[in-house]
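Presented below is the structure to which this report refers.
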Amino acid sequence: MSSVIAQVTTNEIKAIVGPEYFFGSFYSTVDQTNAGATSVNKMTYNVTDFSNGVSIVSNSRITLANAGNYNIQFSAQFDKTDSGDDTVQIWLCKNGSNIANTNTEMTLTGNNGKHVAAWNFFVNAAAGDYFEICWHSSDTAVFINYIAAASNPTRPAIPSVILTVNKIG
C-alpha cells in the first residue's frame, strides 16, 4: 500500500509517493503482578504514545490493521520481593496461540533481584492479527515494576513495560 504526500511551497507543488508506514509506541504506568504459579501473564499497556495502523486492544493485544512484516520490540522492568533465585519465561503469542521457539528464560537473583528484559520479534501478520507478549514465573513475588518519577536529581518515571512496533516490509 502506498501513500501520497503533497508538499506545497511558494514556488512548487511536489507529490511524494511511497510506502505507508505503520507503527506504534505504547507503555505501562502500573505494576504488573504475577497471576499465579500455573498462570500465563500477558504484558499490558495503558498509554498510547502515538500510533498509525497499530493499536492495543483489551490492554494486551498488539493489533495490526494491515498485513506485512513487523518488528515488535519491548523492554520490561522485572523485580521480585523475596529472597532466592527465580526464573521468568517470556514468549510471543499470535491470535491467542503460542508461537513455537519464541520462549526465553532469565533468572532474578537474590532478595529484590531485578532484571530488564529487552528484545524484539520479527513477525509476519495478516490484517487484523494480534500478538501478545506472555510471561510466567512460578514465584508470585515476581512482578513487572513501574517506578514513579523522582527528584534530587529530577528524573522521569520508569514504565513497567515499553513497547514499539514498526512495519518493516
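The values are calculated or read from the model by the stated rules, or taken from the named source; none is laboratory data. This structure is a prediction, so every number in the text was calculated from the model and none was measured. So basically every Cβ, Gly included, is an ideal-geometry build from the backbone, and we count neighbours across all protein chains shown. For the accessible areas, the whole protein counts, side chains as well, though only heavy atoms, and no ligand, DNA or RNA atoms are used. Shrake-Rupley method; radii C 1.70, N 1.55, O 1.52, S 1.80 Å.
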Applying 1/(1 + (r/R0)^6) with R0 = 41 Å to the Cβ-Cβ distance of ASN59 and THR10, what FRET efficiency is obtained, to the nearest 0.05? 0.30
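Which length gain, in nm to one decimal place, applies between ASP85 and HIS115 when the Cα-Cα distance is subtracted from 0.36 nm times their residue separation? Can you show the working numbers first?
Details: separation 30, 0.36 × 30 = 10.80 nm, distance 1.19 nm.
Contour length minus Cα-Cα distance gives 9.6 nm.
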On average, how much accessible surface per residue is there in the chain, in Å², for a 1.4 Å probe, leaving out ligands, DNA and RNA? 54
Take a quick pass over the chain and tell me how many lysine pairs come in under 22 angstrom between Cα atoms, counting only ones 8 or more apart or on separate chains. 5
On the full set of protein chains, 1.4 Å probe, figure out the accessible area of LYS167 and give it in Å² to the nearest 10. 60
Quick one: if you stick a label point 7 Å off each Cα along the C-beta vector at ASN101 and ASN69, how many nm between them? 1.6
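In whole percent, how big is the carbon plus sulfur part of the accessible area of the stretch 47-169, probe 1.4 Å, protein atoms only?
Details: 2870 of 5970 Å².
Carbon and sulfur together cover 48 percent of it.
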